[in-house]
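Structure first, commentary second.
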Amino acid sequence: MAEKLTVIKVSGKIVENPDALKVFIRQLGKFEGRKIIIHSAAQLANTIAGKLGNNVAEANGRPVIDNNAFNAYTMVYAGLVNKQLVALLQGRKLNAVGLTGADLNIITSAKQAGAPNGATGNVKQVNAATLSLLIDHGVVPVIAPFSHDGKGQILFNETDAMAAEVSKALAARYDVTLIYCFTRNGVLLNVQDPDSVVPHLRRTQYKALREMEIIKDWFANKVDNSFSAIDHGVNEVVITSAAGLGNPKQGTHIKPSKKTTVAKG
């Protein structure tokens, strides 16, 4: 039987909020089993980029990373935020290591063709064997959303997609659960009502919610990545808050249907 592994993508709004981050770290300390953390930090990166004279535009709620802002993003994500998370985990007796996808050749990407996002990449390959060496030794990889193209270029990656790709790659070796941890309690039928959580989201329901524009823009991207992960061997995806982390009664759960044929590897 495959060992359980949880891949947790934590949003920047949690990482950048001291109170929310305390809740996240406290809940994570209670979380059993092997873990990987992939983190964002967009608001802080935008602030630092602005102080350096490089304002960051947005498209559909996502930052548009041009070459001028790229250095600030690298410093904030791969430096300050990544190492702060590692130190906090060590304080909870979780032996962590901070990485980007470029380290140890963990993640290679292809630069987006014709995109205005500067050095932005789409994941091509995840080195599951190397990640497994760390995981199997009880280490918690804390990954900033950067990769490389194999030709000396570091690339920025969208974090929801990176978390899904890492989960897919490891699903052939582990029983993988992917958790998207952010500021809402899950997928909401009414964004004004935090208790209107959809406990179990199926494709037909998701399609209907998209047609009604209840799920749209950046959040639709998150759910699209969730179903893609399920289609490639991930056992479950959970969309939840920091307070709900690890509580099976909380959040929105997405699982393979009985008729779904998953692709391993």
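Counting only GluC sites (Glu not before Pro) that sit in a DSSP loop (anything but H, G, I, E, B) with at most 10 other Cβ atoms within 10 Å, what is the longest stretch of the chain containing none of them? Intermediate values should be presented prior to the final figure.
Values: sites that count: Glu32, Glu213.
In short, 33-212.
Which value results for Rg/Rh of the range 4-254 when Rg is the Cα radius of gyration and Rh the Kirkwood radius based on the inverse mean 1/r? Please list the in-between numbers first.
Values: Rg = 17.1 Å, Rh = 18.2 Å.
With Rh from the inverse mean 1/r over Cα pairs, Rg/Rh is 0.94.
When the C-alpha to C-alpha distance is required to be over 20 Å, the pairs from Lys168/Lys222; Lys13/Lys83; Lys124/Lys151; Lys111/Lys255; Lys22/Lys93 that qualify are Lys111/Lys255.
Neighbours of Val223, meaning other residues whose beta-carbon lies under 12 angstrom from its beta-carbon, give a summed charge of +3 when Lys and Arg score +1 and Asp and Glu score -1. Along the chain, the exposed loop sites are trypsin sites (Lys or Arg not before Pro) outside DSSP states H, G, I, E and B with at most 11 other Cβ atoms within 10 Å, and the longest stretch free of them is 152-248. Over the range 202-264, Cα pairs under 8 Å with separation of 6+ residues give a relative contact order of 31 percent. For Thr120, nonlocal amide neighbours, meaning residues 5 or more places apart or on other chains whose placed amide H falls under 5 Å from its own, are Gln112, Phe156. Classify the range 3-44 as rounded, prolate or oblate, taking a ≥ b ≥ c as the square roots of the eigenvalues of its Cα gyration tensor: rounded when a/c is under 1.5, otherwise prolate if a/b is larger than b/c and oblate if not. Oblate, because a/c is 1.5 or more while a/b does not exceed b/c. Taken about its Cα centre, the range 4-254 carries a charge dipole of roughly 480 debye when the Cβ of each Lys and Arg holds +1 and the Cβ of each Asp and Glu holds -1. What is the antiparallel percent of DSSP beta bridges lying wholly in the chain, to the nearest 5? Bridges in the chain that DSSP calls antiparallel: roughly 35 percent.
Other residues within the sphere of radius under 14 Å centred on the Cβ of Lys4, judged by their own Cβ, net out at -2 (K and R +1, D and E -1). Working from label points 7 Å from Cα in the Cα-to-Cβ sense, the Ala172 to Glu32 distance is 3.0 nm.
Bear in mind these aren't lab numbers, they're just calculated from the coordinates by the rules spelled out. It should be emphasised that the depicted structure is a prediction, and the values quoted were computed from it without experimental measurement. Ideal geometry is used to build each Cβ from the backbone, glycine not excepted, and the neighbour counts take in all protein chains shown.
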